[in-house]
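Asker: This is the structure I have questions about; it appears just below.
Just so you know, all these numbers are worked out from the coordinates, no wet-lab data involved. This one's a predicted model, so the numbers in the text were calculated from it and none came from an experiment. All Cβ positions, glycine included, derive from the backbone under ideal geometry; neighbour counts span all protein chains shown.
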Amino acid sequence: MKRITIFTLGLILLFSCNTPKTSYNVFNPGQEWKDNNDVHINAHGGGILFFNQTYYWYGEHKVEGKIGNTAQVGVHVYSSKDLYNWKDEGIALPVDSIDSNSDISKGCILERPKVIYNEKTKKFVMWFHLEIKSQGYASARSGVAVADNPTGPFIFIESVRPNKGTWPVNVQEYHKLPVSNTVKSNYCGGKGCLPAHVDSLNILGRDFKNGQMARDMNLFVDDDGKAYHLYSSEENSTLHIAELSDDYLSHSGRYARFFSNRYMEAPTIMKTSKGKYYFIASDCTGWSPNAARSASADDIFGPWTELGNPCVGPDSSTTFHSQSTYILPVQGKNDAFIFMADRWTPENPIDGRYIWLPIHLVNDKIELKWMDKWDLSIFKE
Ligand code: DGJ
């Protein structure tokens, strides 16, 4: 009996040692993407940090079922040397399962986490879109957390409504007029809930005192080390680009508003070696995919010129059934950028797939084309 048990155990051990782990040398957009444990990567609405010759992918850890659209676990982090194969590094920022009064208590909505490294403080700084538990999408806040190591643990600092009591550099005179009492304080998010002329509502003025709304977001560190927070503001109608403080832990108070009344979500940004900034975002249709938008500028604070839908070919009107989340500069190559997007599955969010595609720079515009499979050799050195 004992012999059989040892024999069986031996077989199991031998089998599990010899089971080949999935390894990749190509990207397969929209397919299952397994980590070093052969588990589909769980880092949705994600972004990438490159630090010490390693890429770190941070994203929303989703669980099965509709409850997975709320934060039950926290922010997941993976590491990779080659961008194809990812090692599970665990939960970088857990939600708070003990203190139900915490801003990040289990069941809140914590979306689109991004991490940047501050050269001066030697800290890793994470910002994310936060909706306080049980308030739907009404709170529209930004959370910030900090860590000494890229894989965490990140310590939650606070959540804010950015730029409280500060006007943007391109404020209009009408914003400073007394806010009309027809401006309700509780508009629902999304374009369905607002009348056509959002500017007449002066949402910026309404939120001046308590801070601006901040939902879908991204971070960008420029060549001079200045960091920027981009977020859908003013009931999602208008994008704000806001400079962060030198330690990246707060807003400096210098910010500007763009694409007024264009309802852009999922903002992403890149900068070419020629110093041109490109921007890709989505329309505002909940979890359903829509046609992407793009724009370019010579200065991050504008003016920004819209360039239309960057996607071409079949399924370009739905961004290939996905929504932007980050633009990843490939290290060691010149002007090589990867468009990262999510193919959401809100009925079972853990199954959401990732769409990574090369960005083509064509005549001062950017172009995205569907590819079933591709690898980094598509980029010139
Ligand atoms: C679209 C946003 O881009 C997502 O991050 C998420 O907030 C969904 N809306 C919720 O409907």
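Asker: Over all pairs of distinct alpha carbons, what does the Kirkwood formula give as the hydrodynamic radius of region 200-261, in Å?
Answerer: Values: mean 1/r = 0.0830 Å⁻¹.
Result for region 200-261, one decimal place: 12.1 Å.
Asker: A further question on this structure: Report, in debye and to the nearest 20, how large the dipole of the chain comes out about its Cα centre when Lys and Arg carry +1 and Asp and Glu carry -1 on their Cβ. Can you show the working numbers first?
Answerer: Values: 39 positive and 43 negative charges, 70 e Å.
Here the size comes out at about 340 debye.
Asker: Still on this structure, I have one more. Taking neighbour Cβ counts within 10 Å as the exposure measure, how do T22, T272 sort from fewest upward? Walk me through the numbers on the way to the answer.
Answerer: Numbers: T22 13, T272 17.
Neighbour counts put them in this order, fewest first: T22, T272.
Asker: Can you tell me which lysines have their Cα less than 30 Å from the Cα of K62? Leave out same-chain residues fewer than eight positions away.
Answerer: The qualifying lysines are K21, K34, K81, K87, K106, K114, K122, K123, K133, K191, K369, K373.
Asker: Hey, another quick one. Placing unit charges on C-beta atoms (Lys and Arg positive, Asp and Glu negative, everything else neutral), compute the dipole magnitude of region 39-160 about its Cα centre in debye, rounded to 20. Mind dumping the intermediate values first?
Answerer: Details: 12 positive and 13 negative charges, 37 e Å.
Using Cβ point charges on Lys, Arg, Asp and Glu, region 39-160 gives about 180 debye.
Asker: Hey, got the dipole for region 238-339? About the Cα centre, +1 on K and R Cβ, -1 on D and E Cβ, debye to the nearest 20?
Answerer: On the way: 8 positive and 10 negative charges, 33 e Å.
That gives region 238-339 a dipole magnitude of about 160 debye.
Asker: Another question, if that's okay. Which residue, P153, H240, L361, has the largest displacement toward the positive end of the dipole of the chain when charges sit on each Cβ (Lys, Arg +1; Asp, Glu -1)?
Answerer: P153
Asker: Could you give me the radius of gyration and the Dmax of region 213-348, taking only the C-alpha atoms into account and expressing both in angstrom?
Answerer: Rg, Dmax (Cα atoms, Å): 14.7, 44.
Asker: With 5 Å bins from zero, work out the P(r) of region 39-160 over every alpha carbon pair and list the percent per bin.
Answerer: 2, 12, 23, 25, 19, 11, 6, 2, 0
Asker: Still on this structure: Can you give me the Kirkwood hydrodynamic radius for region 257-299, using every pair of distinct Cα atoms, in Å to one decimal? Please report the intermediate quantities before stating the final value.
Answerer: Numbers: mean 1/r = 0.0887 Å⁻¹.
One decimal place: 11.3 Å for the Kirkwood radius.
Asker: For I338, I359, which order do you get if you count the other beta carbons within 10 Å of each Cβ and list the fewest first? Can you show the working numbers first?
Answerer: Numbers: I338 21, I359 24.
Exposure proxy ranking, most exposed first: I338, I359.
Asker: Something else now. List the lysines whose Cα lies under 20 Å from the Cα of K176, skipping any in the same chain that are fewer than 8 positions away.
Answerer: K176 reaches K164, K184, K209.
Asker: Still on this structure, please answer the following. Suppose the Debye formula is applied to equal point scatterers at every Cα of the chain; what is log10 I(q)/I(0) at q = 0.10 Å⁻¹?
Answerer: Evaluating at q = 0.10 Å⁻¹ gives log10 I(q)/I(0) of -0.62.
Asker: GluC sites (Glu not before Pro), restricted to region 287-373: which are DSSP loop and have at most 15 other Cβ atoms within 10 Å?
Answerer: Values: sites: E306, E347, E367; in loops: E347.
For GluC sites (Glu not before Pro) across region 287-373 that sit outside H, G, I, E and B with at most 15 neighbouring Cβ atoms in 10 Å, the list reads E347.
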